[in-house]
Amino acid sequence: MKTQTKYFVLLVILIISFDYLFGIFYTGVFNDIKTGIYGSVNNSINRKDEVLILGSSRAQHHYNTNLISKTFNRSCYDGGGGGYGIFLNYAQLSERLKISKPSLVIVDVSPNVIVDSESYTKLNTLLPFYSEYKSVQEIIKLNPDFHSIQTISGVYRYNSTFYEVIKSNKENNHLNGYVPLEGVLDTLHYERQMLHTVEMDTLKAKYLHKMIQLCSETEVKLIILVSPTYEMFDPQKLIVGRIESICNENNVLFYDFSDFSKLHKKTQYFKDQLHMNYLGTSIYTVEVCTIIKEKITFN
Amino acid sequence: MLFNSISFIYFFPIVATLFFLSPQRWRWVILLISSYYFYMSWNVDYVVLILFTTLVSYFSAIKITQLTNLTQRKIYLWISIIASLGVLFFYKYFNFFGQSINQLLGFIQSSERVPYMDLLLPVGISFYTFQTLSYSIDVYNHKIEPEKHFGIYALYVSFFPQLVAGPIERSTRLLPQFRMNQKLKTENIIEGAKWIIYGYFLKLVIADRLALYVNTVYNHAEHHTGGAFLIASVLFAFQIFGDFAGYSGIALGIAKILDIDLMVNFKRPYFAHSIGDFWHRWHISLSTWFRDYFYIPMGGSRVSVPRWYLNLYLTFLVSGLWHGANWTFVIWGGLHGIYIVLENIFKLAPAKKKLETWKRICRALIVFVLADFAWIFFRANSMSDAVYIIHQIVTNLSFDYINYKILFYGLIGIFIMLLVDIRLEVKENSELINNKLSIKSVFFFTGLVLITLFVGVFDGGQFIYFQF
């Protein structure tokens, strides 16, 4: 049985060692991911683009980065991530500012994500960044399902990321994070998304404050936008009102395009209630560029 | 508390440490407290039901042995059976039968209605009820002496590794083990660890990954077409196997570390060469329970041929109902009943050894298709869904939903599982499940742990069989 005990000890040692070594080896592979949520985080922090767009899926689909780049002759990256919102945006901004200062940060705030409780549980997806970025450590702990034991394993941190690695190698990243949507809103099968609360999540408000503070301390220009929706209901308007007051209190440029007349209730510009297709995005991006030209002076 | 929860990672090592540090005469206390704590972590109120079933079956068994009059003995047996089945019926089947009766009443235009009760099904009730039933019947049939020690009997009913989803253990096998002097042995740790690692692999890598696809399709049946249903139905066959065999494996491994043997509940069911063979390999503890306490008491095969077929059919029909209070489960059991009766009528189940390899593979595929067809009813949320799904598969085989990510990870798991199963099919007591390690198996299990950590789904939630 002594041999068997040795084999068992060997099993435990091998699991621990391979787990540790794989974690080190895979970090390099993982950091090469250029698309999806991981690519979005990697690029928004490390690419040093001059115009940085942050937000949720609406940010990802609503800003034509190439158009912005051409207009201002500055590199632009869209770091929006579906359903994550303010918490992820805070981590992206905070880590990015440690490396370099963008000329302009555009934060697209989505009222639906502001009240969505799933944006807490989704934070565990950011486990691969846990050891690398302190701000990720900070926000991941906001998830009630997070346990520090999950950070022990080098392999577990990268759980279910391999498919993204393979996919990233095949995908083109020439749109700099912008993911255009095709198709038009189908009014026959249209499901309206109503909010069931008008209360703004206090933690999310706190992190929006922290983002404003970070930009102010580092003298980075910040503009907060609510991009167009096909239609907007009262609870969403109330949440937008609350975001606007936070911006006004802190002297941050704020524009609400949720019922932007050129696009509002025009099916041809939308994929669904909350997301514009690439046609709508082009019109909206031009409008955003006009405002930036008017209001922001680049150094 | 789930085996795949963070709290269990702390729970089991604490229990095992306390268990082996305690003197033998107090170990049942550690296990009983742990088992009740484990059970109460779902819902504290459930404990009243398990305690009631335990008390009634315990005292009935003692009375049965004390009495010599056959009628009186029978009365106490029936008290135990009615009490156990009564609780099961009330919590699991009351609303089901009530709704079915209401439909009939509506059909004959009666205004009377059976009221709907807002009941929460206690976790694992079908499993521990069957365990207490077999105990009472065995005592009545003089197969075992009743357990005098209430604590040890209560532990037999509630032993935490197999409490909520089996294997359904027999008193003859499990009760004596609680009186033995369990030892912390290297070979038990090795064998237990192997079962646990493979069990987690089946649950997290296969079952919970495939569930992401299957649930999306089956829970929104109206939005999908035949192709998606076909994929989901094939994947469900692997999902339910991974889920249930995974749980059974983890349970077996945990008990093994505590030096307690539980029965092997699955033996590569999708390698079965006939439906009869399938039931010798799938949920073995339930199949043998129904054989011993339902099929044989009805006469088994020692009756006229038509009656034998009826016995077979009824056994599967009731087994279907045991799984859940829904007509879909009854149809599932009924389908297997039809398969098995037809197999016997046409003598379609030859001895495994007589079959050539290619014939076995073909037969395994046919059995898989038949079992998978029945799984559609098992998984569908309602009878109308099941009919719609089959209709879509037959008439509209277009693929409206394919999730490559789920398929990619899921197929990795299924491929590894098939390799393991082929190995075990060739050599049953292979180093993959025995109590010895070699250099090869050390690397294999290291790989299995790392794959589970890398591609497993860790927030997949509970095991399917908990609902039964």
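Which of the residues belonging to segment A:20-46 are more than 14 Å from A:Gly81 (Cα to Cα) and crowded, with 20+ Cβ neighbours inside 10 Å? Correct list: A:Phe30, A:Ile33.
Looking only at segment B:250-274, count every residue that is over 17 Å from B:Glu425 (Cα atoms), assigned to a helix (DSSP H, G or I) and not small (Gly, Ala, Ser) and tell me the total. Count: 5. Consider segment A:30-78 and keep the residues that are in a helix (DSSP H, G or I) and free of Cβ contacts under 8 Å to residues at least 40 places away in the same chain. The one that is nearest to A:Arg157 (Cα to Cα) is A:Asn31. Working only within segment B:383-398, note down all residues that are surrounded by 13 or more Cβ atoms within 10 Å (Cβ to Cβ) and either free of Cβ contacts under 8 Å to residues at least 60 places away in the same chain or not hydroxyl-bearing (Ser, Thr, Tyr) (or both). Once the filter is applied, which keeps residues that are surrounded by 13 or more Cβ atoms within 10 Å (Cβ to Cβ) and either free of Cβ contacts under 8 Å to residues at least 60 places away in the same chain or not hydroxyl-bearing (Ser, Thr, Tyr) (or both), segment B:383-398 yields B:Met383, B:Asp385, B:Ala386, B:Val387, B:Ile389, B:Ile390, B:Gln392, B:Ile393, B:Asn396, B:Leu397.
Whenever a residue of segment A:17-29 is more than 12 Å from A:Ile152 (Cα to Cα), its partners that are among the hydrophobic types (A, V, I, L, M, F, W, C) and not in a helix (DSSP H, G or I), lying with C-beta atoms within less than 6 angstrom and at least six residues away or across chains, give the pairs A:Phe22/A:Val155.
For A:Tyr207, indicate whether it is part of a helix (DSSP H, G or I), among the aromatic types (Phe, Trp, Tyr) and in contact with a helix residue (DSSP H, G or I) (Cβ under 7 Å, 6 or more places away or on another chain).
The answer is yes for A:Tyr207.
Here's the yes/no breakdown for (1) surrounded by fewer than 16 Cβ atoms within 10 Å (Cβ to Cβ); (2) in contact (Cβ under 8 Å) with a residue 40 or more places away in the chain:
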| residue | (1), (2) |
| --- | --- |
| B:Tyr270 | no, yes |
| B:Phe278 | no, yes |
| B:Thr288 | no, no |
| B:Pro306 | yes, no |
| B:Tyr309 | no, no |
| B:Tyr313 | no, no |
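Against the list (1) at pLDDT 95 or above; (2) surrounded by 21 or more Cβ atoms within 10 Å (Cβ to Cβ); (3) aliphatic (A, V, I, L, M), the condition B:Val164 fails is (1). Can you tell me which residue is nearest to the other protein chains (Cβ to nearest Cβ) among those in segment B:425-443 that are touching a helix residue (DSSP H, G or I) at 6+ places or on another chain (Cβ under 9 Å) and assigned to a helix (DSSP H, G or I)? For segment B:425-443, the residue satisfying everything is B:Val442. Look at segment A:147-174: where a residue is more than 18 Å from A:Val41 (Cβ to Cβ) and more than 8 Å from chain B (Cβ to nearest Cβ) and a partner is among the charged types (D, E, K, R) and surrounded by fewer than 16 Cβ atoms within 10 Å (Cβ to Cβ), sitting 6+ places away or on another chain with Cβ atoms under 9 Å, you get A:Ser148/A:Lys141. Among the residues making up segment B:115-143, those that are of a type in the set (A, V, I, L, M, F, W, C) and within 25 Å of the chain's Cα centre (by Cα) are B:Leu119, B:Leu120, B:Leu121, B:Val123, B:Ile125, B:Phe127, B:Phe130, B:Leu133, B:Ile137, B:Val139.
Does B:Phe415 qualify as being free of Cβ contacts under 8 Å to residues at least 40 places away in the same chain, surrounded by fewer than 17 Cβ atoms within 10 Å (Cβ to Cβ), in a helix (DSSP H, G or I) and within 14 Å of chain A (Cβ to nearest Cβ)? Against the criterion (free of Cβ contacts under 8 Å to residues at least 40 places away in the same chain, surrounded by fewer than 17 Cβ atoms within 10 Å (Cβ to Cβ), in a helix (DSSP H, G or I) and within 14 Å of chain A (Cβ to nearest Cβ)), B:Phe415 does not qualify. Would you check if there is a residue in segment B:315-336 being polar (S, T, N, Q), surrounded by fewer than 21 Cβ atoms within 10 Å (Cβ to Cβ) and out of contact with any Phe, Trp or Tyr (no Cβ under 6 Å at 6 or more places or on another chain)? Yes, some residue in segment B:315-336 is polar (S, T, N, Q), surrounded by fewer than 21 Cβ atoms within 10 Å (Cβ to Cβ) and out of contact with any Phe, Trp or Tyr (no Cβ under 6 Å at 6 or more places or on another chain). Looking for something surrounded by fewer than 17 Cβ atoms within 10 Å (Cβ to Cβ), among the basic types (Lys, Arg) and farther than 18 Å from B:Val157 by Cβ - is there at least one such residue anywhere in segment B:50-73? No, segment B:50-73 contains no residue that is surrounded by fewer than 17 Cβ atoms within 10 Å (Cβ to Cβ), among the basic types (Lys, Arg) and farther than 18 Å from B:Val157 by Cβ.
If the condition is being under 13 Å from B:Val139 (Cβ atoms) and out of contact with any Lys or Arg (no Cβ under 9 Å at 6 or more places or on another chain), then segment B:67-77 contributes B:Lys74, B:Leu77. Taking segment A:210-249 as the range and being in contact with a helix residue (DSSP H, G or I) (Cβ under 9 Å, 6 or more places away or on another chain) and in a loop (DSSP other than H, G, I, E, B) as the test, the residues that pass are A:Val220, A:Ser227, A:Pro228, A:Thr229, A:Tyr230, A:Met232. Checking A:Ile224, A:Ile246 one by one, the residue that is out of contact with any Asp or Glu (no Cβ under 7 Å at 6 or more places or on another chain) and crowded, with 20+ Cβ neighbours inside 10 Å is A:Ile224 and no other. Of B:Ile366, B:Ile389, B:Ile361, B:Ile376, all but one fail to be in a helix (DSSP H, G or I) and in contact with a Phe, Trp or Tyr (Cβ under 7 Å, 6 or more places away or on another chain); the exception is B:Ile389. Residue check: is A:Pro235 buried (at least 16 other Cβ atoms within 10 Å of the Cβ) and more than 19 Å from the chain's Cα centre (by Cα)? The answer is yes for A:Pro235. Across segment B:399-412, the qualifying residues are those that are within 14 Å of another protein chain (Cβ to nearest Cβ) and not hydrophobic (A, V, I, L, M, F, W, C), and the one among them that is surrounded by the most Cβ atoms within 10 Å (Cβ to Cβ) is B:Gly410. If you check A:Glu132, A:Glu182 for being part of a loop (DSSP other than H, G, I, E, B), in contact with a Lys or Arg (Cβ under 9 Å, 6 or more places away or on another chain) and modelled with pLDDT of 85 or more, only one passes: A:Glu182.
The values are calculated or read from the model by the stated rules, or taken from the named source; none is laboratory data. Just so we're clear, the structure is a prediction, and the values are computed from it rather than from any experiment. No Cβ is skipped: glycine too gets one built from the backbone with ideal geometry, and neighbour counts run over all protein chains shown.
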